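Have a look at the structure below, then the notes.
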Amino acid sequence: MFSKTIPISILFVILMLFMTGCVDNNGNSNNNSNTGSWLDDYTPSHSVGTGANDFWINYPTGNPSSGQAVEHFNWIIDSLKSKPVLFVVHRTGCVGCADQAERVIEFGEEYEEYVKFYDLDAVSGASYDIQQKANEVYMYDPNGSPGYIALTGVYSYVKENGELKIGWHTWEAPNDMIVSNSDLETWIKDAIYYYNMNSGN
């Protein structure tokens with residue numbers, strides 16, 4: 001009796017785990033989510049506003065067009081239909097912009113599952129599309145002209161007074177304070193978080 005009860009109990013437990021989806025075929029835990037596990041308990045560091053540490057909807061404080069609405073480019077709007085956007089404008093061989101550009105490129109590759117990344121290397125001989133996008137995004141220069149490289153931007157969906165908007169943030173080197181790796185990653189993660197919260201609305 002005892003020898004029959006143990007195998008039946010074990011079989012019952014395995015069947016229950018399988019039916020409830022607690023394990024996958026490899027025995028790994030499955031939270032049944034389409035998002036990465038870091039998003040499950042994530043708290044964003046940046047909110048919507050007009051300051052240096054905010055996601056902007058209109059042009060931010062310090063920009064010559066401060067407070068005015070932004071007409072986003074179609075390629076950014078179209079990209080946001082599937083993922084948040086990350087870009088960096090730089091030029092291969094540019095010593096002053098290499099550090100920021102290389103770090104943004106690394107994060108673009110690391111988070112490629114979550115973001116649409118544009119490596120806008122405006123080196124001589126770059127394609128017309130890259131050159132055009134690299135020139136266009138200086139409209140988003142946080143301080144206005146003149147524009148410096150590397151210019152980096154993140155774009156996502158945010159809510160303002162219950163209404164869905166495009167939230168964005170840009171910074172440039174060497175003019176702006178150098179963005180640390182941890183800060184840069186926080187901006188990217190925040191963009192992903194807000195997109196996952198708001199893209200279905």
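The values are calculated or read from the model by the stated rules, or taken from the named source; none is laboratory data. This structure is a prediction, so every number in the text was calculated from the model and none was measured. So basically every Cβ, Gly included, is an ideal-geometry build from the backbone, and we count neighbours across all protein chains shown. Please note that ligands, DNA and RNA were not included when accessible areas were found on the heavy atoms of the full protein model with its side chains. Shrake-Rupley method; radii C 1.70, N 1.55, O 1.52, S 1.80 Å.
What's the number of the only condition in (1) under 20 Å from ALA98 (Cα atoms); (2) modelled with pLDDT of 95 or more; (3) open to solvent by 40 Å² or more (accessible area, probe 1.4 Å) that LYS189 fails to meet?
(1)
Could you look through segment 115-158, keep only residues that are hydrophobic (A, V, I, L, M, F, W, C), over 13 Å from THR170 (Cβ atoms) and in a strand (DSSP E or B), and pick out the one that is least open to solvent (accessible area, probe 1.4 Å)?
Looking at residues that are hydrophobic (A, V, I, L, M, F, W, C), over 13 Å from THR170 (Cβ atoms) and in a strand (DSSP E or B), I get VAL158.
HIS169 versus (1) touching a His at 6+ places or on another chain (Cβ under 9 Å); (2) surrounded by 19 or more Cβ atoms within 10 Å (Cβ to Cβ); (3) not in a strand (DSSP E or B): which is the lone unmet condition?
That leaves (3) as the condition not met.
Report yes if LYS4 is modelled with pLDDT of 95 or more and open to solvent by 30 Å² or more (accessible area, probe 1.4 Å), otherwise no.
Against the criterion (modelled with pLDDT of 95 or more and open to solvent by 30 Å² or more (accessible area, probe 1.4 Å)), LYS4 does not qualify.
Output the number of residues of segment 40-86 satisfying the condition of being outside any loop (DSSP other than H, G, I, E, B), open to solvent by 20 Å² or more (accessible area, probe 1.4 Å) and either in contact (Cβ under 8 Å) with a residue 60 or more places away in the chain or touching a Cys at 6+ places or on another chain (Cβ under 8 Å) (or both).
Residues meeting the conditions: 2.
Could you please tell me which pairs satisfy a Cβ distance under 8 Å, a separation of 6+ or placement on different chains, a first residue in segment 98-114 that is open to solvent by less than 40 Å² (accessible area, probe 1.4 Å), and a second residue that is among the hydroxyl-bearing types (Ser, Thr, Tyr)?
Close Cβ pairs satisfying both conditions: GLN100/THR152; VAL104/THR152.
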